[in-house]
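Worksheet: one structure, shown below.
The values are calculated or read from the model by the stated rules, or taken from the named source; none is laboratory data. Since this is a predicted model, take the numbers as computed values, not measurements. Positions of Cβ are backbone-derived with ideal geometry, glycine not excepted, and every protein chain shown enters the neighbour counts. Keep in mind that these areas ignore ligands, DNA and RNA; they rest on the heavy atoms of the full protein, side chains included. Shrake-Rupley method; radii C 1.70, N 1.55, O 1.52, S 1.80 Å.
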Amino acid sequence: MTARVNAVVVRAAGEAPEIAELQLPEIGPGQVRVRIRAAGVCHSDLSMVNGTLRPPYPLVLGHEAAGEVLEVGQGVTTAAVGDHVALNWQPACRMCWFCTHGQPWLCATTSGIAALENGSTLDGVPAHVTLGLGAFAEQVVVPQNAVIGVPRELDWAPAALLGCAVLTGTGAVRNAARVAAGESVLVIGLGGVGLSVVAAARAAGAGTVLAVDVSESKKALAEAAGATEFLVASEALSKEVRTRTEGRGADHAFECVGRSATIRAAWRATRRGGQVTVVGMGRHDDMVELSALDIFSSARTLRSSVYGNADPDAEIPALAADVLAGTLSIDHLVTDRIGLADVPAAFDRMSRGEGARSVVLL
């Protein structure tokens with residue numbers, strides 16, 4: 001079957017998103033049709049709108065989502081009609097060099113793909129979908145490896161967040177940096193991902209978790225996530241961090257903004273021999289400058305964490321189990337529950353640094 005659906009579409013970089021009716025394709029072999037029930041508004045979606053990323057347009061926004069399987073194509077083995085699923089925006093092919101060497105988050109088949117053609121506008125113009133999903137829509141058609149089963153008992157909003165913010169932040173702590181009990185952690189940028197980093201650091205036993213944002217309004221969210229102290233971003237950040245870490249600097253710094261200035265701030269606030277993990281996705285022309293002498297003498301490690309350096313097929317079900325067991329709380333991440341038409345306003349709040357995650361409920 002085919003379907004006409006309402007979706008949030010942006011026509012060109014810098015233009016305001018709008019609600020448009022689209023024609024979805026029939027599903028083919030190995031594909032799944034999903035009715036979207038919840039979708040989180042992520043900063044990566046805003047990057048598609050404001051020109052930080054340059055995907056093809058018209059573009060259906062959204063990639064952090066969960067829903068119910070409506071239809072499966074020939075040969076589908078991972079899902080059945082009625083299943084509750086979270087969507088995976090970087091599904092692994094399981095065949096390329098990276099997948100067969102234990103790094104499915106770097107899959108050569110899907111990494112670096114900002115959008116794929118899928119469906120069309122009602123006047124026949126091909127539509128593209130963000131990160132292969134386009135989840136700000138009533139329904140999506142996706143490959144079977146892009147859906148991951150979650151328990152029916154899990155509410156839709158947390159199920160959606162597992163597919164991006166929670167997995168990205170938790171994985172950065174557990175898989176990339178491997179934060180150990182008693183270590184000190186600095187987190188710069190307190191959106192949904194940054195708050196997930198805070199929560200994961202505390203769960204890992206970090207002794208000091210310093211949460212930093214430009215907005216004083218994030219203080220309560222940081223404390224709810226488990227931060228031991230909240231700091232407003234300033235030029236004196238490095239000095240402030242050192243006064244709270246016995247003069248050394250943080251053992252770990254997580255940059256969750258995606259800007260060269262905050263990456264340098266994270267670098268300066270980390271102790272000699274410490275680790276800086278970049279989680280935020282920035283512009284290709286925003287260059288990070290560090291002196292060769294500083295790199296040598298500080299003995300710090302600078303890395304990125306892509307999608308939490310995680311295997312979503314294994315880790316999303318594990319995170320879902322943690323939420324249901326009460327060992328992982330993510331309720332504080334959802335600060336606004338909205339409809340499709342409210343997505344542009346959610347982007348405005350995000351641009352002003354307000355709240356954590358707005359979640360579209362359908």
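From the protein chains alone at 1.4 Å, what is the descending order of accessible area for Met48, Met281, Met287, largest first?
Largest accessible area first, the list is Met287, Met281, Met48.
Residues of the range 125-213: accessible area per residue at 1.4 Å, in Å²?
That works out to 25 Å² per residue.
Go through the range 225-237 residue by residue and turn each phi into a ³J(HN,Hα) via Karplus (6.51, -1.76, 1.60, θ = phi - 60°); whole Hz please, and just put x for glycine and proline.
Going residue by residue, I get 6, x, 5, 7, 7, 10, 10, 7, 4, 7, 5, 8, 4 Hz, with x marking Gly and Pro.
Mean separation of Cα pairs under 8 Å and 6+ residues apart, divided by the residue count of the range 32-76: what relative contact order is that in percent?
Normalised by residue count, the contact order of the range 32-76 is 63 percent.
At most 10 other Cβ atoms within 10 Å and a DSSP loop assignment: could you name the GluC sites (Glu not before Pro) in the range 161-240 that fit?
The qualifying sites are Glu235.
State in Å² the accessible area per residue of the range 304-362; use a 1.4 Å probe, count heavy atoms of protein chains only, and round to the nearest integer.
43
Does the range 94-160 classify as rounded, prolate or oblate by the C-alpha gyration tensor (a ≥ b ≥ c root eigenvalues; a/c under 1.5 gives rounded; else a/b over b/c gives prolate, otherwise oblate)?
Judged from the Cα gyration tensor, the range 94-160 comes out oblate (a/c at least 1.5, b/c at or above a/b).
From the C-alpha coordinates alone, can you work out the Kirkwood hydrodynamic radius of the chain, in Å?
Result for the chain, one decimal place: 20.6 Å.
What part of the accessible area of the chain, given as a whole %, is carbon or sulfur when the probe is 1.4 angstrom?
Roughly 51 percent of what the probe reaches on the chain is carbon or sulfur.
So if I take the alpha carbon set of the range 129-243, get Rg, then get Rh from the Kirkwood formula, what is the Rg over Rh ratio?
Across the range 129-243, the Cα-based Rg/Rh ratio is 1.06.
Assign one of three labels to the range 1-148, namely rounded, prolate or oblate, based on the Cα gyration tensor with a ≥ b ≥ c the square roots of its eigenvalues; rounded applies when a/c is under 1.5, prolate when it is not and a/b is larger than b/c, and oblate otherwise.
In terms of gyration-tensor shape, oblate.
P(r) for the range 266-362, please, calculated from all Cα pair distances in 5 Å bins and given in %.
With 5 Å bins starting at 0, P(r) equals 2, 9, 12, 12, 16, 17, 14, 9, 5, 2, 0.
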